[in-house]
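Student: Just passing along the structure, written as structure tokens.
The values are calculated or read from the model by the stated rules, or taken from the named source; none is laboratory data. Please read all numbers here as calculations on a predicted model, not as lab measurements. Cβ placement follows ideal geometry from the backbone for every residue including glycine, while neighbour counts extend to all protein chains displayed. Ligands, DNA and RNA are excluded from the accessible area calculation, which covers all protein heavy atoms including side chains. Shrake-Rupley method; radii C 1.70, N 1.55, O 1.52, S 1.80 Å.
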Amino acid sequence: MLIPGIDAGNSRFKYAVADEAGNPKLITNRFGESFTPSAVFFTSDGSTIVGTEALNAGFAEPQRLVTNWKRAMGTDTALYIDDNGKEYFAMDILAILLADAKESIETKTDQVVNEAVITVPANYSDLQKQQTIDAASKVGIKAILLPHEPTAAALGNKLHDRNNCTALVYDLGGGTFDVTVVRSRGNVFTIIATGGDSNIGGRDFNDRISEKLLDEFEVKNSFRPQKDQDPIFYQEMTQRIEQLKISLSIQNQSQIVLSCQGKQLQMTITRQQFDSWVMDLAVKTMAKTNQVIKDKNLDISQIDEVYAVGGGAMMPIIIEQLEELTGKKVSRRCEPHVAAALGAVFAGRLEYKRKNEPYPNGDVVLPAPDYILHEILSHSVGVLVLDENGNDICNEILAKDTPVPSIQTKLFKLSEPDQMAVTIKILQGENGQDADSCQPLGHFELEGLPARPDMIGRIEVTFSLDNNGILTARARDNASGKTAEMEINYEISANSDANQVDAA
Ligand SMILES: Nc1ncnc2c1ncn2[C@@H]1O[C@H](COP(=O)(O)OP(=O)(O)OP(=O)(O)O)[C@@H](O)[C@H]1O
Ligand SMILES: [Mg+2]
């Protein structure tokens, strides 16, 4: 049995396993590729094709191809509807990609894979994490840990080996952007701040190029190709733009040729031009990076080392901006796009150490690593309460950056006399934030409360975070001893007629 690290990227899946000495090594997929494009093609006979072959099949029938799955996790957006009307959501696409990962890893290593460590963006919500676990479980993989991508990337760069070092990890992937500050002191490796923007990734840089090229195409040919009318053109353009962007990371200019309905565009794009098209995106990630540092009351001068990971960090403009922001040279201890997969293997070994169980690696058992990791919660979570003006607000129970795992209890009073039931609504949001602008995570009822005309007694609400940052909520009426637990129903609705609790 092997426990691979799977970096489940929006653009590409990367897999790693531990070698005999326990060091992570990247493994290629069964076609010998060092990564698998996160692409699923639905054939007309009801089967699926994954990876490069899916992209190739997509040239002929782009409407059967699904890419860019990640931003749709946790939403009710169907990414594909098959010929029988069956809808496929992001978690279904993830399950197909994970089944393929399992098959590739088992074929390449000749070992059984029943467990894996699967990376997730640092700012994934509880629901998105739960769906990741469910997708894995559907294809026979127990996700033993979901490390945050920048945490995994920090481990992949072996930052836990740096003694007395505070490091910034900037992670620009294909679909998401994460930033983390880590500190290693002796054998303790602590995540001290984390943040990001799940709506910025390499694909947005590609979109900028496509907008510009389509504008040029239109100026030159008095005709603008439309996605619904020229899907094959769009599929080809997507591939060529990807190649162009990668070329511009290496050389100062590159050529692109596009043709649609007998009309052509041939252009030479310089890196300077590209930089000017994407400057605001780069600046946005730098502002976020700065904010994560400042929110933690850190000064940039306290950052000893800076790491840029994820394929997006191959763009020279990113490195230039990051060096300008931090005043430090960007360091690299492994290839930027494989850091998270490598680190996921270290994270798996740490998880076995935490459980105090021997770590199985093929036919041998590896000793526990000699360091420990402290992860933190990336969002504040609380419950809906009424403020003194009767408005619905979030009352925070676990603050952002709380160490994981964690448990916290808070007391709340009833909102009216003789209240027989309380609805506990769990929100992802800041303390005092208007409930409508928070993300609802679920709700449950504490019922059968004794009538209390004087409203004496309190409702204890306890939030416990497991090792993956997944939340369980419990409520207890301390007058009657009645209890209830949250069964997350993930119903995205903030409205209910039941009574709320008031902050005590
Ligand atoms: N040499 C390069 N220059 C510029 N961009 C690159 C280069 N190599 C890869 N990329 C971009 O990096 C992105 C893929 O990187 P990576 O594999 O780290 O993302 P991912 O892990 O799939 O995505 P995410 O972390 O958002 O889930 C793509 O947008 C790709 O275009
Ligand atoms: Mg990634």
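Student: Being part of a loop (DSSP other than H, G, I, E, B), within 16 Å of ligand 1 (Cβ to nearest atom) and assigned by TED's automatic domain parsing to the domain that holds Pro121 narrows it down to one of Asn68, Asn84, so name that one.
Tutor: Only one candidate qualifies: Asn68.
Student: Between a residue in region 239-257 that is touching a residue at least 12 places away in the same chain (Cβ under 8 Å) and under 11 Å from Arg271 (Cα atoms) and any residue that is more than 9 Å from ligand 1 (Cβ to nearest atom) and among the charged types (D, E, K, R), which pairs come within a Cβ distance under 9 Å, given they are 6 or more apart or on different chains?
Tutor: Once the first residue is touching a residue at least 12 places away in the same chain (Cβ under 8 Å) and under 11 Å from Arg271 (Cα atoms) and sits in region 239-257, its partners that are more than 9 Å from ligand 1 (Cβ to nearest atom) and among the charged types (D, E, K, R) give Leu248/Arg271; Leu248/Asp275; Ser249/Arg271; Gln251/Arg271; Asn252/Arg271; Gln253/Arg271; Ser254/Arg271.
Student: Here's another thing I want to ask about it. Within the group Val365, Val338, which residue is in contact with a helix residue (DSSP H, G or I) (Cβ under 8 Å, 6 or more places away or on another chain) and either under 23 Å from Asp161 (Cα atoms) or not assigned by TED's automatic domain parsing to the domain that holds Ala154 (or both)?
Tutor: Within the list Val365, Val338, the selection yields Val338.
Student: Do any strands (runs of 3 or more DSSP E) entirely within region 1-47 hold 3 or more residues that are within 16 Å of ligand 2 (Cβ to nearest atom) and open to solvent by less than 20 Å² (accessible area, probe 1.4 Å), and if so, which?
Tutor: Strands (runs of 3 or more DSSP E) meeting the threshold: 5-8, 12-18.
Student: Name the residue that is nearest to the chain's Cα centre (by Cα), counting only residues in region 432-466 that are over 17 Å from Val383 (Cβ atoms) and open to solvent by 40 Å² or more (accessible area, probe 1.4 Å).
Tutor: Filtering first and then ranking leaves Asp466.
Student: Which residue is farthest from ligand 1 (Cβ to nearest atom), if the candidates are limited to region 173-220 and must be in contact with a Cys (Cβ under 8 Å, 6 or more places away or on another chain) and not hydroxyl-bearing (Ser, Thr, Tyr)? So that I can check it myself, show each step before the final result.
Tutor: Of all residues in region 173-220, those in contact with a Cys (Cβ under 8 Å, 6 or more places away or on another chain) come to 183-184, 217.
Now drop any that are not not hydroxyl-bearing (Ser, Thr, Tyr), which leaves 183, 217.
Numbers: Arg183: 23, Phe217: 21 Å.
Checking each candidate, the answer is Arg183.
Student: Restricting region 195-233 to residues that are touching a helix residue (DSSP H, G or I) at 6+ places or on another chain (Cβ under 7 Å) and of a type in the set (Ser, Thr, Tyr), which is farthest from ligand 2 (Cβ to nearest atom)?
Tutor: Residue satisfying both the conditions and the ranking: Ser210.
Student: Going by what's in this entry, would Ile303 be described as among the hydrophobic types (A, V, I, L, M, F, W, C), in contact with an Asp or Glu (Cβ under 8 Å, 6 or more places away or on another chain) and farther than 26 Å from Lys14 by Cβ?
Tutor: Here the answer is no, as Ile303 does not meet what is asked.
Student: Among (1) assigned to a helix (DSSP H, G or I); (2) in contact (Cβ under 8 Å) with a residue 40 or more places away in the chain; (3) open to solvent by 50 Å² or more (accessible area, probe 1.4 Å), there is one condition Asp204 misses while meeting the rest; what is its number?
Tutor: Result: Asp204 passes all but (3).
Student: Considering (1) within 16 Å of ligand 1 (Cβ to nearest atom); (2) farther than 30 Å from Ala154 by Cβ; (3) part of a loop (DSSP other than H, G, I, E, B), say which one Gln239 fails and leave the rest.
Tutor: It fails just one condition, (3).
Student: Something else about it: Quick check on this structure: which one of Thr36, Thr77 is more than 14 Å from ligand 1 (Cβ to nearest atom) and modelled with pLDDT of 95 or more?
Tutor: On inspection, the qualifying residue turns out to be Thr77.
Student: Return the residues of region 122-154 that are under 21 Å from Ile293 (Cα atoms) and crowded, with 24+ Cβ neighbours inside 10 Å; say none if nothing qualifies. Lay out the reasoning, then the answer.
Tutor: The initial filter retains those residues of region 122-154 that are under 21 Å from Ile293 (Cα atoms), namely 122-124, 147-154.
Of everything in region 122-154, those that are under 21 Å from Ile293 (Cα atoms) and crowded, with 24+ Cβ neighbours inside 10 Å turn out to be Ala122, Tyr124, Pro147, His148, Glu149, Pro150, Thr151, Ala152, Ala153, Ala154.
Student: What residue, among those in region 155-190 that are among the small types (Gly, Ala, Ser), in a loop (DSSP other than H, G, I, E, B) and within 12 Å of ligand 2 (Cβ to nearest atom), is least open to solvent (accessible area, probe 1.4 Å)?
Tutor: Filtering first and then ranking leaves Gly175.
Student: Can you tell which of Leu214, Leu258 is modelled with pLDDT of 95 or more, open to solvent by 10 Å² or more (accessible area, probe 1.4 Å), under 22 Å from Asn68 (Cβ atoms) and not charged (D, E, K, R)?
Tutor: Exactly one residue qualifies, and that residue is Leu214.
Student: While we're looking at this one, here's another question. When you scan region 392-402, do you find a residue that is open to solvent by 10 Å² or more (accessible area, probe 1.4 Å), within 16 Å of ligand 1 (Cβ to nearest atom) and not in a strand (DSSP E or B), even just one?
Tutor: Checked region 392-402: no residue is open to solvent by 10 Å² or more (accessible area, probe 1.4 Å), within 16 Å of ligand 1 (Cβ to nearest atom) and not in a strand (DSSP E or B).
Student: Looking only at region 107-130, how many residues end up being within 15 Å of ligand 1 (Cβ to nearest atom) and part of a helix (DSSP H, G or I)?
Tutor: Residues that pass the stated criteria total 2.
Student: How do the strands (runs of 3 or more DSSP E) wholly within region 297-371 filter down when requiring 3 or more residues that are open to solvent by 20 Å² or more (accessible area, probe 1.4 Å) and in contact with a strand residue (DSSP E or B) (Cβ under 7 Å, 6 or more places away or on another chain): which remain? Walk me through how you get there before you give the answer.
Tutor: Numbers: elements: 305-309, 359-361, 364-366.
Those strands (runs of 3 or more DSSP E) do not exist here; none qualify.
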